[in-house]
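Accompanying notes for the structure given below.
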Amino acid sequence: MFLIFLRSLVFNVLFYAVLVCLAIVALPTFALPPRAMLTIAGWWAKATLVLMRVVCNIKVEFRGVDKIPQEPLVVVAKHQSFWETFALLPFFDRPIFILKRQLVNIPVFGQFLIKTGMIAIDRGAGVKALLDMTRRAREAVRSGRQLVIFPEGTRRPPGAPPDYKTGFAQIYSTCGAPCLPIALNSGLFWPRRTFMRYPGTLVVEFLDLLPPGLPKDEFLARVETAIEDATGRLVEAGRKEQEQLIGAAPSYAASGS
């Protein structure tokens, strides 16, 4: 475990060093269209994959990439880690994420979020926040962008009971676009609330596309079933691999502490 600790430490130093360097490189893009800044964010995602493989022995596998349509889209992804908040960027032309308002208050980083049109919501504002979020999401999708939503609202550790909110179904209904569910097991390798990074194969699986216009209850049921079934399968496979690599599934990954 000491070697994993050392590799995690080196990885985090390099990860944030790359982030700072690319943030400096991205400064001139404030005067350019948002696509330029999104391109640099995509570089950050790709550089991170290299660091994960070289430093931490974390391989990343993307399955079902051919299922991603080149059209306006609502993307609904499992959320176990900070990792997927940026790693999904390169797969979409002009992605827009729904995120908590506190993030836009981070110096420099928050300005990047505002520039790229990310939708920040105040979770404590209730119905007003939902209505505003729905309006902005509808406008973004109808302008041709791909909207990325984490339907549980916050990171959930692998194996935790699902906690899907219903607001994303309203967004899907008003956008009139197909929905792409995404399953993953990132929490086993990049757990929340710790800097440790554990070896193995991180898998992201793009699932079958759902058509627009499904009734709300049917949509909710199909999304949750598809994501949870696939995520459960990926987590089980990931834990078995980790047991072979390091003797046991890490307690951070199992508990989510």
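The values are calculated or read from the model by the stated rules, or taken from the named source; none is laboratory data. Keep in mind it's a predicted model, so treat the numbers as computed, not measured. With ideal geometry, Cβ positions are generated from the backbone for all residues, glycine too; neighbour counts draw on all protein chains shown. Quick note on the areas: whole protein, heavy atoms, side chains included, nothing else; ligands and nucleic acids left out. Shrake-Rupley method; radii C 1.70, N 1.55, O 1.52, S 1.80 Å.
If you go through region 181-198 and keep only what is crowded, with 24+ Cβ neighbours inside 10 Å and either aromatic (F, W, Y) or in a loop (DSSP other than H, G, I, E, B) (or both), you end up with N185, F189, W190, P191, R197, Y198.
With part of a helix (DSSP H, G or I) and within 15 Å of L202 (Cβ to Cβ) as the only criterion, which of V60, V25, V54, V20 stands out?
Details: V60 fails: part of a helix (DSSP H, G or I); V25 fails: within 15 Å of L202 (Cβ to Cβ); V20 fails: within 15 Å of L202 (Cβ to Cβ).
Of V60, V25, V54, V20, the one residue that is part of a helix (DSSP H, G or I) and within 15 Å of L202 (Cβ to Cβ) is V54.
In region 69-94, the residues that are under 19 Å from L49 (Cα atoms) form Cβ pairs under 7 Å with partners that are acidic (D, E) and part of a loop (DSSP other than H, G, I, E, B), at six or more places apart or across chains, as follows: H79/E152. Filtering region 207-241 to residues that are within 23 Å of S186 (Cβ to Cβ), among the hydrophobic types (A, V, I, L, M, F, W, C) and not in a helix (DSSP H, G or I) leaves L207, L209, L210. Exactly one residue out of R35, R63 is at pLDDT below 95, open to solvent by 50 Å² or more (accessible area, probe 1.4 Å), of a type outside the set (S, T, N, Q) and farther than 27 Å from R193 by Cβ, and it is R35.
Looking only at residues of region 242-257 that are outside any helix (DSSP H, G or I) and open to solvent by 40 Å² or more (accessible area, probe 1.4 Å), we find that the one that is modelled with the lowest pLDDT is S257. With respect to the conditions (1) surrounded by fewer than 16 Cβ atoms within 10 Å (Cβ to Cβ); (2) of a type in the set (D, E, K, R); (3) in contact (Cβ under 8 Å) with a residue 40 or more places away in the chain, R7 lacks only one, and its number is (1).
F82 meets all of the listed conditions (1) open to solvent by 70 Å² or more (accessible area, probe 1.4 Å); (2) in contact with a strand residue (DSSP E or B) (Cβ under 8 Å, 6 or more places away or on another chain); (3) under 20 Å from N185 (Cα atoms) but one, namely (2).
Scanning region 107-138 for residues that are β-branched (V, I, T) and open to solvent by 70 Å² or more (accessible area, probe 1.4 Å), which turns out modelled with the highest pLDDT?
Initial filter on region 107-138 (β-branched (V, I, T)): 108, 114, 116, 119, 121, 127, 134.
Those left that are additionally open to solvent by 70 Å² or more (accessible area, probe 1.4 Å): 108, 114, 127.
Numbers: V108: 77, I114: 86, V127: 74.
Residue satisfying both the conditions and the ranking: I114.
Being surrounded by 14 or more Cβ atoms within 10 Å (Cβ to Cβ), of a type in the set (A, V, I, L, M), at pLDDT 90 or above and over 17 Å from the mean Cα position of the chain (by Cα) holds for only one residue in A26, A47, and it is A26. Considering (1) of a type outside the set (G, A, S); (2) under 28 Å from I58 (Cα atoms); (3) in contact (Cβ under 8 Å) with a residue 24 or more places away in the chain, the lone condition that D163 does not fulfil carries the number (3).
Looking at region 66-159, the helices (runs of 4 or more DSSP H) lying wholly inside it that each contain 1 or more residues that are hydrophobic (A, V, I, L, M, F, W, C) and over 19 Å from L202 (Cβ atoms) sit at 109-115, 127-142.
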